[in-house]
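The values are calculated or read from the model by the stated rules, or taken from the named source; none is laboratory data. All values derive from a computational prediction rather than experimental measurement. Don't worry about glycine lacking a Cβ; one is built from the backbone with ideal geometry, like all the others, and counts go over all protein chains shown.
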Amino acid sequence: MKNLIILLISILSLSATGQHIAGTTRANGAPLPFVNVYLKNNSKGSSSNEDGFYIIKNIAPGKYTIVASFTGFKKVEKQILVTEGKTATINFELEESESLDEVIVTGTLKAVSRLESPVPVEVYAPAFFKKNPTPNIFEALQNVNGVRPQLNCNVCNTGDIHINGLEGPYTLVLIDGMPIVSGLSTVYGLSGIPNSLIEQVEIVKGPASSLYGSEAVGGLINIITKLPENAPVVFADSYLSDWGEFNFDAGLKAKVGRKTDVLIGANYYNYSNPIDKNQDNFTDVTLQDRISVFQKWNFKRKNNRLFSLAGRYFYEDRWGGEMQWNKTYRGGDVIYGESIYTSRYEIIGNYQLPIHEKMTFQFSYSDHDQNSVYGDTPYLAKQRIGFGQLLWDKSLKNNDLLFGLAARYNFYDDNTPATNTADEVTIPSVFVQDEITLSSKQRLLLGARYDYDKRHGSIVTPRLAYRFKPTEEDIIRLNAGTGFRVVNLFTEEHAALTGARDVIIEGELEPETSYNITLNYLKKLYTKSGMLFTFDASAWYTYFTNAIIPDYDSDPNKIFYRNLDGFSTTKGLSFNIDGILGHGIKGSLGATFQDVSKTEDGEKTRQILTERFTGVWSLSYKHFPTNITVDYTGNIYGPMRLPLLGELDPRSEYSPTWSIQNIQFTYNGFNNFEIYAGIKNLLNWTPNKGNPFIIARSEDPFDRQVDYNESDQPVMATSPATGQTITVQPGGVMPTENNPYALTFDPSYVYAPNQGRRLFFGLRYTLN
């Protein structure tokens with residue numbers, strides 16, 4: 001009653017002073033303060049006060065669209081007619097958005113509410129990635145807590161995704177739930193997924209082998225593309241940077257007949273500007289020319305049964321190397337360069353059977369052809385992966401059952417000595433899952449998977465997940481399970497191809513097995529002033545047997561691959577805080593603390609290229625009267641142990657603590673258009689700071705001036721640079737005047753992007 005009186009008095013007092021718009025903003029039957037209320041495509045706007053009352057003054061007569069927006073709630077738009085000398089009254093009733101109640105599919109292979117899922121799943125919408133625009137999903141993940149894009153080479157800049165400190169091969173990347181980004185494409189395929197076509201990205205941290213099989217040991221990333229009916233009619237996004245990078249995304253949807261929708265998208269990225277700011281005569285950033293074309297069809301069927309079909313083609317030409325390199329030197333030993341041609345296509349399908357039971361057949365096929373040279377070392381590889389699975393979703397009174405039959409066909413062939421004949425295997429699988437509703441507050445998920453690999457026999461991976469919801473704002477989840485991984489050495493380990501080190505495989509590599517337990521706590525907190533906070537914390541422990549960890553330490557000129565005669569572990573804590581502060585301000589903060597190590601012969605060693613702590617943050621401010629949004633994002637990484645080439649190597653054994661920070665300004669005051677600009681890497685951080693060089697022996701990439709100990713006995717040698725005397729093993733590198741640190745060419749000392757501060761400018765167009 002009090003609020004109604006205030007509103008009536010305010011309107012009466014304004015009625016004689018001109019045209020105004022006034023009203024209230026409410027949610028759940030109570031006033032909602034600090035809601036942004038503004039006229040669309042107009043600079044006029046205001047915010048509601050602590051009683052939920054707002055006023056927009058001095059409005060010219062006419063028709064308008066008025067918008068009420070408050071983060072965490074669904075935006076409301078209304079049409080309004082402002083007449084001469086009158087105050088218009090528009091009240092808003094806002095509903096909570098589904099930002100914490102998105103529909104997810106990754107954790108259980110079923111479409112469920114995120115809050116109801118017993119498996120903790122992190123969900124990221126396209127708006128999250130727009131805060132720091134990137135040309136591919138690989139770079140876009142740099143601001144996700146506990147997820148780190150890791151570059152594996154200073155020359156070709158290929159990389160993979162680390163989750164909770166585990167190497168890229170432990171991470172499974174799905175597109176629309178299909179495990180087609182693996183093997184060769186783990187390194188190269190992540191660069192060609194158009195960001196404009198992404199509906200959301202779901203991330204599960206921890207083993208998921210019981211549902212997805214091998215490779216889902218450290219976690220998985222499911223990139224879900226838009227359904228045609230949810231996509232804009234036309235979409236385009238393009239930006240360029242002062243380094244010469246150009247990225248263009250475009251998409252459109254159309255109807256084909258009455259029952260078919262099609263979504264078409266394309267991404268083109270080009271960087272053709274060799275830059276050498278650290279003056280080592282090598283490109284700081286790989287040159288790239290890439291195109292990716294995507295198409296998705298959705299067919300309307302009787303009883304709303306699902307049928308969708310999608311395809312993607314990806315081609316990339318990338319090279320890095322000495323500044324004077326061009327394609328006439330490709331594969332030769334005159335000028336060093338790493339050149340990679342990648343051609344890849346994928347098909348994904350989802351078909352619900354026309355029967356009474358809810359049964360769905362999912363399938364995918366990918367063909368990956370790679371033609372690459374690393375200096376004068378060619379690496380020619382082909383991989384074909386076919387996947388199909390039949391799911392039966394059966395719900396009983398208190399049991400939500402899922403049965404699955406799956407088969408995965410893998411063909412791989414390359415020109416390395418490790419593949420004398422093509423590796424061809426089909427792995428059949430069967431899995432079952434039961435989500436049991438114990439009470440309104442408790443759910444228990446039990447599951448198991450059986451795979452048969454003719455190379456390794458039967459493999460069983462069970463899982464357990466428990467969810468306890470003591471209140472509507474609190475959720476506790478406990479997950480436990482096992483995982484397994486069959487190593488694909490040359491598709492995963494870039495250092496095995498550069499020729500910088502000899503690769504030694506000791507014994508027959510057996511599959512790795514992991515045992516994991518994760519505890520997760522999520523809390524929502526609403527304040528009386530209208531603020532909304534979400535707290536999400538996790539603790540995990542994973543134990544590996546038969547782990548295959550590259551050994552860079554035993555010999556500086558070799559990499560040893562063998563099953564660990566011992567065990568390895570990863571354990572840690574992570575937390576995220578998301579806050580909606582009102583007045584157009586929202587932010588997030590995340591941190592992860594972890595310990596990743598191996599224990600062999602009773603000696604514990606910290607894993608190489610793994611940080612002890614990471615942090616990510618974002619802060620956004622929307623100034624509604626000017627239609628300008630400011631986004632400040634960043635990350636910070638703790639020191640990592642790095643691969644040195646011997647005791648004389650002058651480079652730092654550990655990286656420093658380093659941070660990449662970005663700022664962006666976006667203006668959306670035009671119809672259908674957004675303009676954005678900003679600065680990436682504000683601190684101008686590059687890994688050469690504090691080091692005499694990054695690439696070892698960049699002046700002699702073919703090791704022509706390297707002398708070796710050619711005797712069959714260890715010898716003593718003294719460095720001309722430091723005066724230090726070392727023991728050089730047979731075949732080891734001798735310190736000389738031309739090579740005082742006893743090094744060979746090596747581009748694998750890499751832990752951060754070698755690209756400094758840069759400006760960018762972009763334009764988006766959306767037609768709904």
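Return the only residue of Glu98, Glu84 being outside any strand (DSSP E or B) and either modelled with pLDDT under 80 or closer than 18 Å to Tyr526 by Cβ (or both).
Glu98
Please go through region 33-58 and give me each residue that is of a type in the set (A, V, I, L, M) and part of a loop (DSSP other than H, G, I, E, B), ordered by number.
Within region 33-58, Val35 is the sole residue that qualifies.
Given (1) under 23 Å from the mean Cα position of the chain (by Cα); (2) farther than 27 Å from Tyr336 by Cα, where does Tyr751 come up short, assuming only one miss?
(2)
Any residue at all in region 304-316 that is without any contact (Cβ under 8 Å) to a residue 60 or more places away in the chain, within 30 Å of Glu699 (Cβ to Cβ) and under 23 Å from the mean Cα position of the chain (by Cα)?
no
Need the failing condition index for Gly257 against (1) out of contact with any strand residue (DSSP E or B) (no Cβ under 9 Å at 6 or more places or on another chain); (2) modelled with pLDDT of 85 or more, just the number.
Only one criterion is unmet by Gly257, namely (2).
If you take the residues in region 260-303 that are small (Gly, Ala, Ser) and under 21 Å from the mean Cα position of the chain (by Cα), which one is surrounded by the fewest Cβ atoms within 10 Å (Cβ to Cβ)?
Here the residue is Ala266.
Can you confirm whether region 562-569 contains a residue that is surrounded by 20 or more Cβ atoms within 10 Å (Cβ to Cβ) and touching a residue at least 24 places away in the same chain (Cβ under 8 Å)?
yes
Residues checked against (1) modelled with pLDDT of 90 or more; (2) farther than 29 Å from Thr534 by Cα; (3) not assigned by TED's automatic domain parsing to the domain that holds Thr518:
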residue	(1), (2), (3)
Ile436	yes, no, no
Gln442	yes, no, no
Leu446	yes, no, no
Pro462	no, yes, no
Glu472	no, no, no
Ile476	yes, no, no
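Quick check: is even one residue across region 406-413 basic (Lys, Arg) and touching a Pro at 6+ places or on another chain (Cβ under 7 Å)?
For region 406-413, residues basic (Lys, Arg) and touching a Pro at 6+ places or on another chain (Cβ under 7 Å): absent.
Quick check on my filter: what residues within region 362-388 are surrounded by fewer than 18 Cβ atoms within 10 Å (Cβ to Cβ) and either among the aromatic types (Phe, Trp, Tyr) or more than 22 Å from Thr421 (Cα to Cα) (or both)?
Hits for region 362-388 are Phe363, Asp376, Gly388.
Residues in region 298-313: is at least one under 27 Å from Pro135 (Cα atoms) and touching a Gly at 6+ places or on another chain (Cβ under 6 Å)?
Yes.
Answer with yes or no whether Leu240 is in a strand (DSSP E or B) and either without any contact (Cβ under 8 Å) to a residue 12 or more places away in the chain or assigned by TED's automatic domain parsing to the domain that holds Pro179 (or both).
no
Which numbered condition in (1) in contact with a Gly (Cβ under 7 Å, 6 or more places away or on another chain); (2) within 28 Å of Glu116 (Cα to Cα); (3) not polar (S, T, N, Q) is the only one that Tyr374 fails?
(2)
Tell me the residue from Pro135, Pro149, Pro126 that is free of Cβ contacts under 8 Å to residues at least 40 places away in the same chain and either out of contact with any Gly (no Cβ under 8 Å at 6 or more places or on another chain) or closer than 30 Å to Tyr374 by Cβ (or both), please.
Just one listed residue meets the conditions, Pro149.
Any idea which of Ser620, Ser655, Ser659 is within 30 Å of Val67 (Cα to Cα) and of a type in the set (Gly, Ala, Ser)?
Ser620
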